[in-house]
Amino acid sequence: VPHTSIAQVVPQYVLDGIGNVTRVILDYVKRMQAEDPAFFYAMQFVEGRPVGNVFWADARARTAYKDFGDAVVLDDYCKRSKHELPLVTFTGVNHHCQPVLFGCAIMAHNNEASFVWLFETFLLAMSGQQPTSLTMEHDNALKSAALKVFPLTRLQFCKWHIMNEAQDKLSYLLDAFPSFREDFINCINMSETINEFEANWKALISKVSSQKSEWLDLVYNCRHQWVPVYLRDTFFGDVSLKLQCSCRSSLFEGYISAKTDSQSFIQQYEKALDCCYEKEVKEEFETKYSLPDIKTSSPIEKQGAELYTRSMFLKF
């Protein structure tokens, strides 16, 4: 069992070889699992030696996944932006439209094998329940790993990340063709049907045919994973959270930064979770003991007010 084998089997001299960040996390998750048997953690080993990758999920996170794990967002911003803590999180959205945590990992490596281990371990912690959808950054190693471990899951690349990357990759086109930026954005966001998108994209490419772009070919080839018109048949959770998958997870916003070191990480991590749970309790209370304003005499509105949480009713 991954979360009980660390201290019993691995000699201390082997653990001495891991980095300080991993050691701090390992000490924390071992202590938490000793306090609560439902706390899950695992550490990756290659040829009998730890490689610095640790995953964990507490009892609340595992319970939340049973209820809201159909749409999952993988956020690895802290790792990609070279934070001292290479944090990767699995998050979703609860019935109050709030971000909810499913699991965390410290990942020392970016290779496909490490992500395969991460996804397999996540599935193990969640009793093998695959998500309906998984949103992540556009990355070949992540994609290959996800396709191997989640064959039944619809993958989505974060559109925000791709559109932001376009500013850098297509800077020469933006200079040469002043209208290209607006045409590109409209093609992605305003196309109502797949045929319309294909026609708009063809017109866009023909306009800049004199300036070959391998990046445009790359993102077109994976259009089924990020262009909205191709993704309407799948639930991906709350749009606001989805758009933040390339920046720091909103769950840890204001608590964990590039300057957060291993010594203060645990304290900040627990503060963020406490704040998250307090907000959920508050919303639960307001939903249970206060009725939203009814603006019409429509029976549909009255029924919605009785069935939905307050946050969902406001959206309705």
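The residue pairs whose first member lies in segment 254-283 and is over 18 Å from HIS95 (Cβ atoms), whose second member is surrounded by fewer than 14 Cβ atoms within 10 Å (Cβ to Cβ) and not charged (D, E, K, R), and whose beta carbons are closer than 6 Å, counting only pairs six or more residues apart or on different chains, are SER262/ASN20. Of the residues making up segment 198-214, just one is within 16 Å of GLU165 (Cα to Cα) and surrounded by 15 or more Cβ atoms within 10 Å (Cβ to Cβ), namely SER213. Checking each residue in segment 168-198 for being part of a loop (DSSP other than H, G, I, E, B) and within 18 Å of TRP215 (Cβ to Cβ) picks out LEU170, PHE177. Taking residues in segment 151-168 that are at pLDDT below 95, and partners anywhere that are open to solvent by 60 Å² or more (accessible area, probe 1.4 Å), the pairs with Cβ atoms closer than 6 Å and at least 6 places apart or on different chains are TRP160/LEU243. Among the candidates VAL229, VAL208, the residue that is modelled with pLDDT of 90 or more, farther than 23 Å from ASP75 by Cβ and in contact with a helix residue (DSSP H, G or I) (Cβ under 6 Å, 6 or more places away or on another chain) is uniquely VAL229.
Within segment 39-48, the residues that satisfy the criterion of being surrounded by 12 or more Cβ atoms within 10 Å (Cβ to Cβ) and over 17 Å from ASN20 (Cβ atoms) are PHE39, PHE40, TYR41, ALA42, GLN44, PHE45, VAL46.
The values are calculated or read from the model by the stated rules, or taken from the named source; none is laboratory data. This structure is a prediction, so every number in the text was calculated from the model and none was measured. Every residue, glycine as well, gets a Cβ built from its backbone with ideal geometry; the counts of neighbours run over all protein chains shown. For the accessible areas, the whole protein counts, side chains as well, though only heavy atoms, and no ligand, DNA or RNA atoms are used. Shrake-Rupley method; radii C 1.70, N 1.55, O 1.52, S 1.80 Å.
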